[in-house]
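Worksheet: the structure to be examined is printed underneath.
What follows draws every value from the coordinates through simple rules; no lab data is involved. Computed from a predicted model, the values in this text were never measured in an experiment. All Cβ positions, glycine included, derive from the backbone under ideal geometry; neighbour counts span all protein chains shown.
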């Protein structure tokens, strides 16, 4: 039966640490396997590729170091733990930078598609009156007005509702979000498809990044590794103190 230490030293790379989990959501033209150019996708995919390569390199290093019977197990654990932490720092820097880039683009797309801009001439002059009129309608009448506005591209009405705080519209949160979704789909189809892709890629990067962190923690933060490093620290402190006394 394997000891606790032996169990701790077994490392495995999760399938989620793979750039293909990002590439899966990339836009592709029909009949073309190559993804359409997208800087955010490229950055996130490249970062996850680095994570995959670092993860497999760490596992290979661990197998080699632990298989070397010429040194004590404690020394091997310290070497692997040190390598794991350095690997974690490299991947974290690359992945966080890519995720921040994607987050910025997602926020920008959501802002641009949030609501129609005010009319160039009238501005928001009639917004209050429009919302007051809508609040006075029955649910069925309101639904008809909204549907008619979408069908006729009445951005004065749609904008007056979508730009305002929900409590001033007389609509439920689900109704307002449904209207926003219909507006976005109708007027920003390509932006919405890209937004959906980036959100899915972002989630996949979180899953893969989390699995990589778990691998690094398993290699560098186990009880056995911590005990070995504490013992080395103590030994070095004692030796340093002894050398000072001799001097």
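So here's what we get for this one:
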{"item": "Potential lengthening between residue 141 and residue 182 on full extension [0.36 nm per residue; Cα-Cα distance subtracted]", "result": "12.9 nm"}
{"item": "Ranked by how many other beta carbons lie within 10 Å on average, peptides 74-83, 148-157 from highest", "result": "74-83, 148-157"}
{"item": "Label assignment, semi-axes √(5λ) of the Cα gyration tensor in Å derived from the structure, set [x] 32, 18, 17; [y] 29, 21, 16; [z] 58, 21, 15", "result": "[z]"}
{"item": "Segment 167-220 shape via C-alpha gyration tensor axes, a/c threshold 1.5", "result": "oblate"}
{"item": "Stokes-Einstein D in µm²/s, Kirkwood radius over Cα pairs - segment 127-187 at 25 °C with 0.890 mPa s viscosity", "result": "216"}
{"item": "Relative contact order computed over segment 127-187 (Cα-Cα under 8 Å; 6+ residues apart), in percent", "result": "39"}
{"item": "Proxy reagent accessibility, fewest Cβ within 10 Å first, across 213, 22", "result": "213, 22"}
{"item": "Theoretical gain in end-to-end length, residue 235 to residue 199 [0.36 nm per residue, Cα-Cα removed]", "result": "8.0 nm"}
{"item": "Relative contact order, percent, the chain [alpha-carbon distance under 8 Å, six or more residues apart]", "result": "34"}
{"item": "Value of [θ]222 nm, deg cm²/dmol, for the chain, DSSP H segments ≥ 4, -39500 (n - 2.57) each, nearest 500", "result": "-24500 deg cm²/dmol"}
{"item": "Estimated inter-spin distance, residue 24 and residue 152, nm [label 7 Å along Cα→Cβ]", "result": "4.6"}
